[in-house]
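The values are calculated or read from the model by the stated rules, or taken from the named source; none is laboratory data. As the structure is a computational prediction, the values presented were derived from the model and not from experiment. Reconstructed Cβ throughout: ideal geometry from the backbone, glycine too, with neighbour counts over all protein chains shown.
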């Protein structure tokens, strides 16, 4: 039996390795995805590094030179050009100077649309700057009256940030790990469809089944070959990630994503069961479809499930429950590994077992389907 | 020996096989002759265990295909229609692969492949990928696959379709050689000349059942006609599906 499996597996790998177009389709993803993420991050980091000066409309600015100077020091400037300034108006009341000199509250009016999501950040920025100026002036007034300004602060909050630099970029890290897991599904997707739905369409499946071998042998050989190519896709994306992420100036964000050899080995070990499950799932769905084209649509649709599981972890939704599920748990473990946190072993073990059970189930279901004449001849 | 007894098979609403019974003897070439849609391919697929008969059984050398498919299949070689080639493999790889699936070990399979490639005079294409092969080259590759493991029974589904004269002659010579070696050869066709020239025993079928069987001479005599073609038309009662 082992001998027969080897013969079938070798043929599958030989056949698949000559299918240049399918291999290239997998490689495009494995090479393109990390480079895409890097470009995105570089643009994002550039924006964070040099925040643009905020230009707003300030009415009656001559009345409050001190406030204006303070705003300028916080990158908020007055502008008369309606095109370049944000739609925020700060109106300084006419009696501002008088109220200030009398030590009474002076009024400034902030006019803006708070329902505008894009403006909200800028409105907050202006509000904070004014509040800070207000509290500085108030402190000075207390000092001039011989009162300790700290009386005004009943509680002082001291924050000890325990985040290590690496644990900060959770979301970005999630995206990076997501690209790795998706590689397992996408790298060999075309090969999976070609070797199952394609084989049937080319009439070689019925010839294969006419030979003295069990349908499970055929299915296992196909899953083995698809898994081999999935894992190759994973290795390519890991190597490309290692070099491309090294070029992103992470330091500006206060964390870094480094693909170490240890992480690469860890991901290969964690992802092998996922690759097996992905291969068996794709073979199963492809055999269920009646034609090559139908298989392409179904496989793409079915891949939304693992993608959703992976994304749930990336965006940290219902982590407590979801982290026990296959793929989500593996993704979580990979993220924790990069952050340098302890690996959630029970979750990882359980989800790996579930992943393997699913693989066995899909294999048997596919083998059973191959015994049905309706499936073999696409009736 | 291939023995089919009272096979019934319904595909959808169509009775593809309708109480089909015949026997193909060792050392003889048996032709399954019938118009398009007569149930020839369904019958052969049932013999191969790819389709399950609703009732009746098919035996290979006395082994019931439905009960012991693995043992029965080992005694069979199949030339399917369509050929079922792997476009990205070369004939040598393709033939060796199927030889190993049929139970030969790696070195025996390699040697058997070399032998069959020589026998079918296909050394010129043996190491080219099957993609872009002509119909004749495809036929030779599929035929080599069917006989490489030297099975006692060989089944061919429409082997002469689309072949030129030279390829047809090679096929004919090979079938005669297999017959001389004592193999049981069963092939389906709707080409009268081929059947008349080759077959020792002809089974004429239509609508999933046997209309008449016997040697070419017996059938002509039975129908009171000069040629097999005329006898065939007289026996099935229409001129449907006869290819020149």
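What number of residues within the stretch B:179-197 are under 18 Å from residue B:167 (Cβ atoms), touching a helix residue (DSSP H, G or I) at 6+ places or on another chain (Cβ under 6 Å) and surrounded by fewer than 21 Cβ atoms within 10 Å (Cβ to Cβ)?
Number of matching residues: 0.
Condition test on residue B:19, is it at pLDDT below 90, touching a strand residue (DSSP E or B) at 6+ places or on another chain (Cβ under 6 Å), more than 9 Å from chain A (Cβ to nearest Cβ) and at positive phi? Quick ask: steps written out before the conclusion?
On the way: at pLDDT below 90: yes; touching a strand residue (DSSP E or B) at 6+ places or on another chain (Cβ under 6 Å): yes; more than 9 Å from chain A (Cβ to nearest Cβ): yes; at positive phi: yes.
For residue B:19, the condition - at pLDDT below 90, touching a strand residue (DSSP E or B) at 6+ places or on another chain (Cβ under 6 Å), more than 9 Å from chain A (Cβ to nearest Cβ) and at positive phi - is met.
Taking the stretch B:67-96 only, how many residues are part of a loop (DSSP other than H, G, I, E, B) and away from chain A (no Cβ under 12 Å)? Before the answer, list the steps.
Let us first name the residues in the stretch B:67-96 that are part of a loop (DSSP other than H, G, I, E, B), namely B:67-68, B:75, B:80-90.
If we keep only those that are away from chain A (no Cβ under 12 Å) as well, we get B:67.
The number of residues fulfilling the criteria is 1.
Determine if the stretch B:117-134 includes at least one residue that is more than 9 Å from every other protein chain (Cβ to nearest Cβ) and either within 27 Å of residue B:3 (Cβ to Cβ) or touching a strand residue (DSSP E or B) at 6+ places or on another chain (Cβ under 8 Å) (or both).
Initial filter on the stretch B:117-134 (more than 9 Å from every other protein chain (Cβ to nearest Cβ)): B:117-128, B:130-134.
Add one more test, that the residue is either within 27 Å of residue B:3 (Cβ to Cβ) or touching a strand residue (DSSP E or B) at 6+ places or on another chain (Cβ under 8 Å) (or both), and what stays is none.
Within the stretch B:117-134 (the criterion being more than 9 Å from every other protein chain (Cβ to nearest Cβ) and either within 27 Å of residue B:3 (Cβ to Cβ) or touching a strand residue (DSSP E or B) at 6+ places or on another chain (Cβ under 8 Å) (or both)), the answer is no, since none of the residues qualifies.
Kindly provide the set of residues from the stretch A:17-42 that are part of a helix (DSSP H, G or I) and within 12 Å of chain B (Cβ to nearest Cβ), ordered by number.
Kept after step one, since they are part of a helix (DSSP H, G or I), are these residues of the stretch A:17-42: A:17, A:20-42.
Answer for the stretch A:17-42, where residues must be part of a helix (DSSP H, G or I) and within 12 Å of chain B (Cβ to nearest Cβ): A:17, A:20, A:21, A:22, A:23.
Mind checking whether some residue in the stretch A:1-16 is more than 41 Å from the chain's Cα centre (by Cα), more than 30 Å from residue A:138 (Cα to Cα), without any contact (Cβ under 8 Å) to a residue 60 or more places away in the chain and assigned to a helix (DSSP H, G or I)?
So in the stretch A:1-16, the residues more than 41 Å from the chain's Cα centre (by Cα) come out as A:1, A:3-4.
With the extra rule that they be more than 30 Å from residue A:138 (Cα to Cα), the set shrinks to A:1, A:3-4.
With the extra rule that they be without any contact (Cβ under 8 Å) to a residue 60 or more places away in the chain, the set shrinks to A:3.
Going one step further and asking which of them are assigned to a helix (DSSP H, G or I), we end up with A:3.
Yes, some residue in the stretch A:1-16 is more than 41 Å from the chain's Cα centre (by Cα), more than 30 Å from residue A:138 (Cα to Cα), without any contact (Cβ under 8 Å) to a residue 60 or more places away in the chain and assigned to a helix (DSSP H, G or I).
Quick check on my filter: what residues within the stretch B:134-177 are touching a helix residue (DSSP H, G or I) at 6+ places or on another chain (Cβ under 8 Å), buried (at least 21 other Cβ atoms within 10 Å of the Cβ) and part of a helix (DSSP H, G or I)?
B:139, B:140, B:141, B:143, B:144, B:145, B:147, B:167, B:171, B:174, B:175
A quick yes/no check of all residues on (1) farther than 17 Å from residue A:181 by Cα; (2) assigned by TED's automatic domain parsing to the domain that holds residue A:360; (3) in a loop (DSSP other than H, G, I, E, B); (4) modelled with pLDDT under 95:
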| position | (1), (2), (3), (4) |
| --- | --- |
| A:199 | yes, yes, no, yes |
| A:208 | yes, yes, no, yes |
| A:212 | yes, yes, yes, yes |
| A:280 | no, yes, no, no |
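With the structure loaded, tell me whether residue A:376 is at negative phi and within 14 Å of chain B (Cβ to nearest Cβ) or whether it fails that test.
When the stated conditions are applied, residue A:376 passes them.
Mind counting the residues in the stretch B:97-108 that are facing chain A (nearest Cβ under 9 Å) and free of Cβ contacts under 8 Å to residues at least 40 places away in the same chain? Can you show your working first?
Within the stretch B:97-108, the first condition is being facing chain A (nearest Cβ under 9 Å), and the residues that meet it are B:97-98, B:100-103, B:105-106.
Among the residues that remain, those that are also free of Cβ contacts under 8 Å to residues at least 40 places away in the same chain are: B:97, B:100-101, B:105-106.
Residues meeting the conditions: 5.
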